[in-house]
1. Looking at A:Leu64, A:Leu90, which one is at pLDDT 85 or above and touching a His at 6+ places or on another chain (Cβ under 8 Å)?
2. When both residues are 6+ apart or on different chains and their Cβ atoms are under 6 Å apart, which pairs have a first residue that lies in region A:112-123 and is touching a residue at least 60 places away in the same chain (Cβ under 8 Å), and a second that is open to solvent by less than 60 Å² (accessible area, probe 1.4 Å) and not in a helix (DSSP H, G or I)?
3. Could you count how many residues in region B:97-142 are within 14 Å of another protein chain (Cβ to nearest Cβ) and under 19 Å from A:Leu15 (Cβ atoms)?
4. Within region A:17-75, take every residue that is more than 12 Å from the chain's Cα centre (by Cα) and of a type in the set (S, T, N, Q) and give me the one that is nearest to A:Ala96 (Cα to Cα).
5. So A:Leu64 fits all but one of (1) away from every other protein chain (no Cβ under 14 Å); (2) closer than 26 Å to B:Phe22 by Cβ; (3) among the hydrophobic types (A, V, I, L, M, F, W, C); what number is the exception?
6. For region A:36-61, which positions are surrounded by fewer than 22 Cβ atoms within 10 Å (Cβ to Cβ), within 8 Å of chain B (Cβ to nearest Cβ) and in contact (Cβ under 8 Å) with a residue 12 or more places away in the chain?
7. All but one of (1) over 19 Å from the mean Cα position of the chain (by Cα); (2) over 30 Å from B:Arg147 (Cα atoms) hold for A:Lys120; which doesn't?
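The values are calculated or read from the model by the stated rules, or taken from the named source; none is laboratory data. All figures in this text were calculated on a predicted structure; none of them were measured in a lab. Quick reminder, even Gly has a Cβ in these numbers, built from the backbone with ideal geometry, and neighbours come from all protein chains shown. Heads up: the accessible areas ignore ligands, DNA and RNA and are worked out on the full protein's heavy atoms, side chains in. Shrake-Rupley method; radii C 1.70, N 1.55, O 1.52, S 1.80 Å.
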Number of protein chains: 2
Amino acid sequence: MRRKIVLATGAFDLLHYGHLNFLEEAKRAGGRNARLIVIVARDKTVEARKGKRPIVREDQRRALIEALKPVDDAILGFEDMNYSAVIEKLKPDVIAVGYDQSDIKRAVQEIIKKKGLKIKVFEAKKLSADDIDSSSKIKRRVIELERNNS
Amino acid sequence: MRRKIVLATGAFDLLHYGHLNFLEEAKRAGGRNARLIVIVARDKTVEARKGKRPIVREDQRRALIEALKPVDDAILGFEDMNYSAVIEKLKPDVIAVGYDQSDIKRAVQEIIKKKGLKIKVFEAKKLSADDIDSSSKIKRRVIELERNNS
């Protein structure tokens, strides 16, 4: 049986347990021996979407993601390439989205429907509320602790 | 040939590229097929040493370190066990220290000398100055960006 390709994407600024959990779930969604390819968003893309540059440079964000055991390949986002072109290029069997990626989920589902593709969309669950599972939470804690210490 | 055991330790709060670089260098220091064991400092230990609790809980810091490809085992620090007892328990061939762990280096070298042990101490190099290679740098950038946005 051909290895299923799972595709996931994200900025992965300030790598945390929530990211790992998402990528492990994504890999499992492809079944035994799946290949997990992660597209790491470019600095420019993050800036355009969120209005500010990430804390960590794109090459270092990519290297850290590729160093994670569930990840087979981590590649930097394609400049001037939309979701549709990426899907055509990488031909994933599964596209995994995080609980906070509903915009990506919608965009991908539209493409799948429009083109009649056989791609499963898998949505990872959110961790429990007291977990450090988002970069925003980490940033808030850094700022809180800084205030308490000054 | 027996697999060489390399031991490394750290808090690894806010995982970054510098950590990965350190662990990859540590693993290489043990030669081909080395086994890298990483001791992740307990929340209590970090608090006692640095005067503040880490941002990320010990179990999540440990899980992230163990998810890195160069790492074979990541274990939480032993409470009430000093370096000497840890060395006796894990019997490393190499102890790897980061460029910012001169206190650990000194303590370990003293034990090795005192007990006449055959353990190599390997010191990892610092990344170049413009790299995000320390948790303090990440925290400073978080706070800077926050100020610019408010």
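1. Selected residue: A:Leu64, the only one of A:Leu64, A:Leu90 that is at pLDDT 85 or above and touching a His at 6+ places or on another chain (Cβ under 8 Å).
2. Close Cβ pairs (under 6 Å, with a partner that is open to solvent by less than 60 Å² (accessible area, probe 1.4 Å) and not in a helix (DSSP H, G or I)) amount to A:Lys120/A:Val94; A:Phe122/A:Val94; A:Phe122/A:Ala96.
3. Total satisfying the criteria: 13.
4. Filtering region A:17-75 for residues that are more than 12 Å from the chain's Cα centre (by Cα) and of a type in the set (S, T, N, Q), the one nearest to A:Ala96 (Cα to Cα) comes out as A:Asn33.
5. (1)
6. Matches in region A:36-61: A:Arg57 only.
7. Result: A:Lys120 fails condition (1) only.
Residues are listed down the side, and each one gets a yes or a no for (1) open to solvent by 20 Å² or more (accessible area, probe 1.4 Å); (2) hydrophobic (A, V, I, L, M, F, W, C); (3) more than 29 Å from A:Ala63 (Cα to Cα); (4) at pLDDT below 95:
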position: B:Val94; (1), (2), (3), (4): no, yes, no, no
position: B:Gln109; (1), (2), (3), (4): yes, no, yes, no
position: B:Gly116; (1), (2), (3), (4): yes, no, yes, no
position: B:Ile119; (1), (2), (3), (4): yes, yes, yes, no
position: B:Phe122; (1), (2), (3), (4): yes, yes, no, no
position: B:Lys126; (1), (2), (3), (4): yes, no, no, yes
